[in-house]
Amino acid sequence: MSDKVELSRQQQKSKETKERIFRAAKRILQKKGYEELSIKNICEEAGVSNGSFYHHFKTKDDLLSYYIEDQPNINPDLLDLPRNADEAKIAIIHVYLNYVEYCRELGVEFMSGYYDTKNQALNPAIRTERPYPIVTVQTYVEKAVREGIIKINVDIDEFTTDIRMIVIGNVFEWCLRNGEADFEGNMRRSLGKYLDSTVYES
């Protein structure tokens, strides 16, 4: 029993350290931008050692991606096999509306800093350790196609690339307008139009 309690304490301490590191990175992004987001600056701001940082994260982009990709509010039940193409489209859009909500929680300043061209965590050819929301969608679509429920009229790689670009475009527009854009509406509309043109009944 005591081992379980001790493990829980260790996990809590690890979580608190991660949160402190992230809050420090967020403050730097908001005040100074991505250019000043070095591991040295993050550690100084957070009051932790370099060793502590590397115990939790490989790079600064790994740190940012952890919080971008660790989305706790997606309901996995919604991604059960759809009954038809319309249900599949609704589920896919839901994943990204959840992403919109999470972006809002992190804040426009943080997202503006994260969506920097120098951030290689955005490069799907490099960032493979953690699943993007698009990986969830790809698995979902592939399973629905395999079960003969839906079909798509493009290659799956093209499909996921198109969606990723649509999502990035919507986030960029929201950041560019300093959070004043209709983030949810634009995401729903642009994804909906694309899915209407690519996803069909099998």
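The values are calculated or read from the model by the stated rules, or taken from the named source; none is laboratory data. Here the structure is a predicted model, which is why all the values come from computation and not from measurement. Ideal geometry is used to build each Cβ from the backbone, glycine not excepted, and the neighbour counts take in all protein chains shown. Surface accessibility is based on the protein's heavy atoms, side chains included, excluding ligands, DNA and RNA. Shrake-Rupley method; radii C 1.70, N 1.55, O 1.52, S 1.80 Å.
Pick from Lys4, Lys15: which is among the basic types (Lys, Arg), modelled with pLDDT of 75 or more and over 26 Å from Lys118 (Cβ atoms)?
Result of the check over Lys4, Lys15: Lys15.
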By residue number, the members of the range 181-202 that are part of a helix (DSSP H, G or I) and either open to solvent by 10 Å² or more (accessible area, probe 1.4 Å) or acidic (Asp, Glu) (or both) are Glu184, Gly185, Asn186, Arg188, Arg189, Ser190, Gly192, Lys193, Tyr194, Asp196, Ser197
In the range 42-80, residue modelled with the lowest pLDDT [restricted to those that are charged (D, E, K, R) and either over 16 Å from the mean Cα position of the chain (by Cα) or open to solvent by 40 Å² or more (accessible area, probe 1.4 Å) (or both)]: Asp77
What residue, among those in the range 150-165 that are over 12 Å from Lys89 (Cβ atoms) and of a type in the set (Val, Ile, Thr), is least open to solvent (accessible area, probe 1.4 Å)? Thr160
Working carefully through the options Ile168, Ile126, find the one that is surrounded by fewer than 14 Cβ atoms within 10 Å (Cβ to Cβ), modelled with pLDDT under 95, out of contact with any strand residue (DSSP E or B) (no Cβ under 6 Å at 6 or more places or on another chain) and assigned to a loop (DSSP other than H, G, I, E, B). Ile126
Per the filter on the range 175-202, residues of a type in the set (Gly, Ala, Ser), at pLDDT 95 or above and either closer than 21 Å to Ala144 by Cα or touching a Pro at 6+ places or on another chain (Cβ under 9 Å) (or both) are Gly192, Ser197
